[in-house]
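Read through the structure below, which is laid out as structure tokens, and then see the notes.
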Amino acid sequence: MKNPVTVASGTFGYGEEFDRYFDVSLLGAVTTKSISLKPRAGNKPPRLVETPAGLLNAIGLQNVGIDRFLSQKAPYLRTRNATIIANIYGHSPEEYAELARRLEAEGAADAIEANLSCPNVHDARTAKGAVLVSQSCEAITVYTQAIRDATRLPLYIKLTPNVMNIQEPALAAEAAGADGVCLINTLLGMAINPETRKPRLANIVGGLSGPAIRPVAVKMVWDAARVLRIPIIGTGGISGAASAIEFLLAGATAVSVGSMSFRRPDTALRVVEGIAEYLKRHQIADVNQLIGAMQA
């Protein structure tokens, strides 16, 4: 990564959508919307609900599919000289492996982020009944090993916060060959319209993101950093440089900006610039000096 700031998958399209607001190549990397083998229409609307200091979404991994990504989306990012972290999603270890294999063969990614933690799809059940793959350490191991065997690209596993102990799934990903983890994904949530008595999301349940979840995310990054030897991309409610630095101090190696890009499209670039200003103000020569530097 050119710097420690990327964007959260699903909040930045495929990069081209935001290129009219700023030069996306100035980011550490562009993390793409999830890519599956076939195009997905996603869930029925309504799919977004604003909440206090947050956003509930149940998009359902709508995406253009791997063929169109390879023919249109990745080439555009290459023309912009952007570093590409391709987020992938499949229904089986074999599908994840095929996606990773094709992305590497086409030179369409600089790293892979495997989404094992989307909370608003109905087809991600494991053999043991967990709703999310990343709620099962055994499933994490199987999926991570399959992807690892399929590609030499750096591999990050995106984990769910909807677990009792984040350290266990993080360690499972590390042991299975992941080069890093990304956490957290959204928290499970829902909203009900008291007048109609109906859920505000057609999917009923969605994923909560935004500033409301930041304290949870920072704490989970801190938990994971104490046991892992691999890097962490911290995400969850980053709204500016100060909140991004919180994640670095807690032990994250890099950060990703998510929901705030909807409110202010250039937030991620402002975080890059704000971190640089912070380093200058505190006379810190290397941003890596901030990693895990919380003084307790």
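Filtered by the rule that a residue be more than 23 Å from GLU273 (Cα to Cα) and surrounded by 20 or more Cβ atoms within 10 Å (Cβ to Cβ), the range 11-44 gives LYS33, SER34, ILE35, SER36, ASN43. Selection of strands (runs of 3 or more DSSP E) fully inside the range 1-111 by the criterion of at least 2 residues being under 24 Å from LEU269 (Cα atoms) and either charged (D, E, K, R) or in contact with a Gly (Cβ under 9 Å, 6 or more places away or on another chain) (or both) returns 5-7, 54-57, 84-88. State yes or no: is ARG229 among the basic types (Lys, Arg) and either surrounded by 17 or more Cβ atoms within 10 Å (Cβ to Cβ) or touching a Gly at 6+ places or on another chain (Cβ under 7 Å) (or both)? Against the criterion (among the basic types (Lys, Arg) and either surrounded by 17 or more Cβ atoms within 10 Å (Cβ to Cβ) or touching a Gly at 6+ places or on another chain (Cβ under 7 Å) (or both)), ARG229 does not qualify.
Based on this model, can you work out whether ARG80 counts as under 16 Å from THR6 (Cα atoms) and in contact with a helix residue (DSSP H, G or I) (Cβ under 6 Å, 6 or more places away or on another chain)? Yes, satisfied. Taking first residues from the range 181-196 that are free of Cβ contacts under 8 Å to residues at least 24 places away in the same chain and partners that are assigned to a loop (DSSP other than H, G, I, E, B) and of a type outside the set (Ser, Thr, Tyr), the Cβ contacts under 6 Å between residues at least 6 apart in sequence or on separate chains come to ASN193/ARG200.
Let me confirm something: among THR267, THR235, THR253, THR186, which residue is crowded, with 16+ Cβ neighbours inside 10 Å and touching a Cys at 6+ places or on another chain (Cβ under 7 Å)?
Being crowded, with 16+ Cβ neighbours inside 10 Å and touching a Cys at 6+ places or on another chain (Cβ under 7 Å) holds for just one of THR267, THR235, THR253, THR186, which is THR235.
Going through (1) of a type in the set (A, V, I, L, M); (2) buried (at least 18 other Cβ atoms within 10 Å of the Cβ); (3) within 27 Å of PRO231 (Cβ to Cβ); (4) out of contact with any Cys (no Cβ under 8 Å at 6 or more places or on another chain) one by one, ALA105 falls short only on (2). Please go through the range 56-81 and give me each residue that is in contact with a Lys or Arg (Cβ under 9 Å, 6 or more places away or on another chain) and either of a type in the set (A, V, I, L, M) or farther than 21 Å from ALA114 by Cβ (or both), ordered by number. Selection gives LEU56, ALA58, ILE59, LEU61, VAL64, ILE66, LEU70.
All of the numbers you see were taken from the coordinates with simple rules; none came from a lab. What you see is a predicted model; the values in this text were computed from it and never measured. Cβ: placed from backbone, ideal geometry, glycine included. Neighbour counts: every protein chain shown.
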